[in-house]
Structure formats: structure tokens, C-alpha cells
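> For reference, the structure I am asking about is given below.
The values are calculated or read from the model by the stated rules, or taken from the named source; none is laboratory data. Being a predicted model, the structure only gives us computed values, none of them experimental. Cβ coordinates were reconstructed from backbone atoms using ideal geometry, including for glycine residues, and neighbour counts include every protein chain displayed. Quick note on the areas: whole protein, heavy atoms, side chains included, nothing else; ligands and nucleic acids left out. Shrake-Rupley method; radii C 1.70, N 1.55, O 1.52, S 1.80 Å.
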Amino acid sequence: MNNLSEYELQLLSKLPLDIAALVKNYRTDVINAAEFWDEPPFPLNHVPEFIEIYYGDAESPHIFIVNGELQDYNVTNLPDNTKSISVLIDDQWAYVQIEDQVILNRLGGVILPDVLVSPSSLINSLVGVINHG
């Protein structure tokens, strides 16, 4: 199975078989979900310091929010067929969706911010659209 490590195999053993089977095509997303599978949801009224949103198998976040302010936003190069979304809150995987199936949802009592966009972030994202679009 894609040369999974002993650690990854241990993580997969916690998951229902239908979710574990997704590791073949969505290794990173499934392993991330498995790492936090047994963790409780975030407590009521948890205000995240960091929110990172990843589309597909990206190594860096497409959307990065710090203390409710949008720091980085790069969705201009997203493939139309992105089949997974992962959300990292305060260095913990909180939400993973693969295709149309939510496989991890620990959002619990997280208060998602009304994102403030700084003018420089907005200009940078628009410049990216102009340069890539």
C-alpha cells in the first residue's frame, strides 16, 4: 500500500475501513485525519489563533488567517478538480473532507472569524490573479 510506514499503518488501523481505503489516493489527507482521529472537538467558544486551509495535496496553505486577519490567500492556481480540503486550527487538524465525504470534523465550538482583509493582502491576491489569470 504505497510503502506506508509502520507509524502510518498504526494510524490507519484507527479508521473505519472505507476511510482507511482512501489512503491510496489521498495519503496526506487521510494520515492527517488519522493523527487527530481520537482527539475531542475544540471546546466551546474556542477562538483560533491560526487557521490554515489546504486544497488538494498542497504543502503550504492556500488560505492563512492569524488572529482573524487574512495573512495569505492563494487560490488562483487551484485545479478545477480539487477533491480534498483540510483545515488546520492552531496546529491541529480540525476538518478533512475528501471528495464529498467529511472524514474528520473536530470544529466543535470553534468560533470562525469574520476575516479582516488587510489592503496589502487584497492587493497581493489581485496581483496574483492578474499575473496568473
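> At 1.4 Å probe size, put TYR26, TYR55 in order of accessible surface, largest to smallest. Walk me through the numbers before you get to the answer.
Details: TYR26 35, TYR55 55 Å².
Descending order: TYR55, TYR26.
> For the stretch 1-75, which trypsin sites (Lys or Arg not before Pro) are both in a DSSP coil and crowded by at most 13 other Cβ atoms within 10 Å?
Passing both the DSSP loop test and the Cβ count: LYS14.
> Here's another thing I want to ask about it. If we count every other residue with Cβ under 10 angstrom of HIS62's Cβ, Lys/Arg +1 and Asp/Glu -1, where does the sum land? Could you put the intermediate results ahead of the total?
Working: positive: none; negative: GLU52, ASP72.
Here the count lands on -2.
> Count the net charge of all other residues whose Cβ sits under 15 Å from the Cβ of HIS46, scoring Lys and Arg as +1 and Asp and Glu as -1.
Numbers: positive: ARG106; negative: GLU39, GLU49, ASP90, ASP91.
That sum, taken over residues with Cβ under 15 Å, equals -3.
> I would also like to ask the following. Could you please report the charge total around VAL96, scoring K, R as +1 and D, E as -1 over all other residues with beta-carbon less than 13 angstrom from its beta-carbon?
-4
> So for LEU22, LEU112, what's the accessible-area order with a 1.4 Å probe, most first?
Details: LEU22 35, LEU112 105 Å².
Ranking LEU22, LEU112 by accessible area, largest first, yields LEU112, LEU22.
> Can you divide the C-alpha Rg of the stretch 1-109 by 2.2 N^0.38 Å and report the result to two decimal places?
1.08
> Working with all protein chains in place, sort VAL96, VAL87, VAL115, VAL75 by solvent-accessible area computed with a 1.4 Å probe, largest first.
Working: VAL96 0, VAL87 20, VAL115 65, VAL75 40 Å².
If we order VAL96, VAL87, VAL115, VAL75 from most to least accessible, we get VAL115, VAL75, VAL87, VAL96.
> Over the stretch 1-78, what is the relative contact order in percent, taking alpha-carbon pairs closer than 8 angstrom and at least six residues apart?
Computed value for the stretch 1-78: 18 percent relative contact order.
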